[in-house]
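Scroll down for the structure; my scribbles are underneath it.
The values are calculated or read from the model by the stated rules, or taken from the named source; none is laboratory data. Everything numeric in this text was worked out from a predicted model, so none of it was measured. Using ideal geometry, Cβ is built from the backbone for each residue, glycine included, and neighbour counts are taken over all protein chains shown. What goes into the accessible areas is simple: the full protein's heavy atoms, side chains included, and nothing from ligands, DNA or RNA. Shrake-Rupley method; radii C 1.70, N 1.55, O 1.52, S 1.80 Å.
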Amino acid sequence: QLQASGGGLVQTGGSLRLSCAASGLTFSNHHMGWFRQAPGKEREFVAAIKWGSRSTYYVDSVKGRFTISRDNAKNTVYLQMDALKPEDTAVYFCAALRGPLGVMVTAKTSYNYWGQGTLVTVSS
C-alpha cells in the first residue's frame, strides 16, 4: 500500500513537499516514482529514484525545480517541489516498481503498485 500526502494550494513560485509512505512491501528493493495527471490529460512521469544506485530521473519540465529522495528506514519517498508553476497543477501519484536496476523507471506501465494521489494546485 502506498499513501501519498502533502498536496495543497500554493501560489506561483511557492514550494510543497510530497511524501509517500509504503507498507506491505519491501521498500528498499523497489524503485519509486512520482507521476501526475492534470484534468483531461494522460498520467505522465515526473520523477523516479532507483533502489540500489539511487539514481534519479526527471521529466525535462521539472529539472532543476523538483527533487526526489527516499528514506529506506522510514519506507518513504519524497518529492520536493520548488518554483512551482500553474502548469504543475495536477493530481500527483506515487508508484513502486519491483525490478532490476536496468528497468525503465520512466514508463508508468512498468510500475506494480500505485498510491491514491494527492492534489497540487498552483495559483497564478
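Some points to look at:
- Hits in segment 76-103 - residues which are outside any strand (DSSP E or B) and either closer than 11 Å to G33 by Cα or at pLDDT 95 or above (or both): D82, A83, L84, K85, P86, E87, D88, T89
- Check on A73, in a loop (DSSP other than H, G, I, E, B) and out of contact with any Gly (no Cβ under 9 Å at 6 or more places or on another chain): yes
A quick yes/no check of all residues on (1) assigned to a loop (DSSP other than H, G, I, E, B); (2) small (G, A, S); (3) over 14 Å from A90 (Cα atoms):
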residue: V10; (1), (2), (3): no, no, no
residue: G14; (1), (2), (3): yes, yes, yes
residue: A21; (1), (2), (3): no, yes, yes
residue: G24; (1), (2), (3): yes, yes, yes
residue: K41; (1), (2), (3): yes, no, no
residue: Y57; (1), (2), (3): no, no, yes
residue: S69; (1), (2), (3): no, yes, yes
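- Every residue from segment 51-75 that is of a type in the set (K, R) and at pLDDT below 95: R54
- Residues being β-branched (V, I, T) and either open to solvent by 60 Å² or more (accessible area, probe 1.4 Å) or under 20 Å from S123 (Cβ atoms) (or both) - total across segment 55-91: 5
- Close pairs from segment 99-124: first surrounded by 14 or more Cβ atoms within 10 Å (Cβ to Cβ), partner among the charged types (D, E, K, R), Cβ under 7 Å, at least 6 apart: V105/K50; K108/R43; V120/D88; V122/K85; V122/D88
- As a summary of the residue check, Q116 satisfies the conditions (1) part of a loop (DSSP other than H, G, I, E, B); (2) touching a strand residue (DSSP E or B) at 6+ places or on another chain (Cβ under 8 Å); (3) at pLDDT 95 or above except for the one numbered (3).
- Within the option set G6, G52, being more than 15 Å from the chain's Cα centre (by Cα) and either within 21 Å of Y113 (Cβ to Cβ) or open to solvent by 70 Å² or more (accessible area, probe 1.4 Å) (or both) holds for one residue only, G52.
- Count of segment 11-41 residues which are more than 16 Å from Y78 (Cβ to Cβ), open to solvent by less than 60 Å² (accessible area, probe 1.4 Å) and either in contact with a Leu (Cβ under 7 Å, 6 or more places away or on another chain) or without any contact (Cβ under 8 Å) to a residue 12 or more places away in the chain (or both): 2
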